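Following: one structure in structure tokens, then a few remarks.
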Amino acid sequence: MATLALLGGQPVRRKPFACWPVFDDSERQAVLEVLESRAWGGYNPKVAEFEQRFATFHDARFGIAAANGTVTLETALAAAGIQPGDEVIVPPITFVATAAAVLRAGAVPVFADIDPVTYNLAPQRFAEAITPRTRAVIPVHFGGHPADLDAILQTAAKHGLVVIEDAAHAHGACWRGRKVGSFGHFGSFSFQQSKTMTAGEGGILLTSDAELAERARSVSNHGRRTGGAWYEHVRLGTNCRLTGWQAAVLMAQLARLPGQLEKRARNAAILGEKLGAAGFLAPPAVDERVTVHGFYLYILRLDPTALPGLSRDLLVEALAAEGIPGASGYPHPVYGNKLFDAYPHRGIPCPEAERFCCECFWVSHEIMLADEPDLDDFVRAIVKIRDSAAELVSMAGKAS
Ligand SMILES: *Cc1c(COP(=O)(O)O)cnc(C)c1O
């Protein structure tokens, strides 16, 4: 039996996987055009063009491009009129920005537990978390799997809540044939380096409500109003405009997205079958109402009884040593961060979120764009770890 790389053996793989981000002459040409136009900032016409294209592609009427996918959430909360002391329900399994945006608005994040199968906000836990102070909910399409929008929208409508979809993981993902980000009052996307469409940094807010679009645009552009004078400021705003450079790159990235989504879906099907057969990992389950999964994260759950003593963290460490990039998992739900010591919040603990942080991990989405022989290296690494799990667990026990 081959020795695990973590125990001094040869890794399964030394070659890198597919490079990220992907670019070609279309990005190169687009950036040069912005350079030569001398309109480098947010008023380059490519920004408005990108906003419209991205919104149309995602079944929404309006797009407001922004500096990143965190200020888009802050802008949405401001435009929706969220006030200090209001409660906003968020899932505990997400990037910190989802909950931090609520704190930045002076509001109170209320954590409602996740569904153990999709890892998204559980509709029942969401409903139970509502109080007379609840004003909004931010479902996250975690890893690219759309949240249960049927149930969440229905409950939100019943209680008059604002819905802001955090679609930072879900470019192009569809729920019942319609793109996510178009269901709530707002949909928020990120174009940060690791996301499935990127300009290094960037974000966009989608809405189909003209009044909300005007307010969000105003908040993100110094409180200006459409048609107003340059030095006319009608509300408190800030500057989080996206630049011309980024819009130019993002138009090329958007053109590439559908093909990449298809490839990710193909690879997910291949991996699901092969990794499931390894017998100790649960591949991602996809709700039948999901018609396109974004597969930003390929999430696996370790069966804690299958290989006694093998922790998620030891598995992740062993995988990295075998040359599989980007394997990681959250150390704790987002509310476990020290930051929350200093701010009011509610709803913890969330047992499913806690379990997620012990049993679940993901691999970087470059792997989802790889070719089948590369995927087989990933599977080989998993099988190799399974076959040497007892030895790995005993060595780790001695080392600690
Ligand atoms: C990446 C991310 C954001 C915000 O992203 P920026 O890095 O600020 O663009 C927000 N929510 C989630 C879930 C994210 O993963």
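Within the straight-line cut-off of under 12 Å between alpha carbons, the aspartates and glutamates reachable from Lys46 are Glu33, sequence neighbours fewer than 8 places apart in one chain being disregarded. Averaging Cα coordinates gives a centre for the stretch 298-364 and one for the stretch 90-136; these two points are 19 Å apart. For the stretch 263-400, the carbon plus sulfur part of the accessible surface works out to 57%, probe radius 1.4 Å. Among the helices of the chain, those built from whole DSSP H runs whose Cα atoms reach 24 Å or more along their own axis and whose mean Kyte-Doolittle hydropathy is at least -1.0 are 244-276. What FRET efficiency would be calculated for the residue pair Ala39, Ala277, taking the C-beta separation as r and a Förster radius of 51 Å, to the nearest 0.05? Using R0 = 51 Å, I get an efficiency of 0.40. Taking the average, over residues, of other Cβ atoms within 10 Å as the packing measure, peptides 268-280, 86-98 rank 86-98, 268-280 from highest down. Under the combined filter of DSSP loop state and at most 10 neighbouring Cβ atoms within 10 Å, the stretch 281-358 retains none of its trypsin sites (Lys or Arg not before Pro). Choose one answer from Ala100, Ala229, Ala168: the residue with the largest mean-square fluctuation in a GNM of the chain with alpha-carbon springs under 10 Å. Of Ala100, Ala229, Ala168, the most mobile in the Gaussian network model is Ala229. For the stretch 245-287 versus the stretch 1-64, the spacing of their alpha-carbon centroids is 15 Å. Normalised by 2.2 N^0.38 Å, with N the number of residues, the alpha-carbon radius of gyration of the stretch 3-127 equals 1.55.
What FRET efficiency comes out for His332 versus Asp150 if R0 is 25 angstrom and r is the Cβ-Cβ distance? Round to the nearest 0.05. For R0 = 25 Å, the calculated efficiency reads 0.25. Packing, as the average of other Cβ atoms within 10 Å across residues, places the peptides 105-117, 122-134 in the order 105-117, 122-134, highest first. Only beta bridges with both residues in the chain are counted; by DSSP, about 60 percent of them are antiparallel. For the peptides 245-254, 10-19, the ranking by mean Cβ contacts within 10 Å, running from highest to lowest, is 245-254, 10-19. Over the stretch 298-400, the Kirkwood radius and the radius of gyration, each from Cα atoms, give a ratio Rg/Rh of 1.04.
Eigen-decomposition of the gyration tensor built on the alpha-carbon atoms of the chain gives equivalent ellipsoid semi-axes of 37, 26, 18 angstrom, largest listed first. Rolling a 1.4 Å probe across the protein heavy atoms gives the chain an accessible surface of 42 Å² per residue. Using a Gaussian network model of the chain in which every pair of alpha carbons under 10 angstrom is joined by a spring, one finds that among His365, His171, His332 the greatest mean-square fluctuation is at His332.
Ligands, DNA and RNA left out, the 1.4 Å accessible surface of the stretch 81-234 is 52% carbon and sulfur atoms.
The helix-based estimate of mean residue ellipticity at 222 nm for the chain, built from -39,500 (n - 2.57) per DSSP H run of four or more residues and divided by its residue count, is -12000 deg cm²/dmol to the nearest 500.
The values are calculated or read from the model by the stated rules, or taken from the named source; none is laboratory data. Note that the structure is a prediction, hence the values are computed from the model and not measured. When we count neighbours, we look across all protein chains shown, and the Cβ atoms used for this are built from the backbone with ideal geometry, even at glycine. Remember, those area values only see protein heavy atoms, side chains included, never the ligands or the DNA or RNA. Shrake-Rupley method; radii C 1.70, N 1.55, O 1.52, S 1.80 Å.
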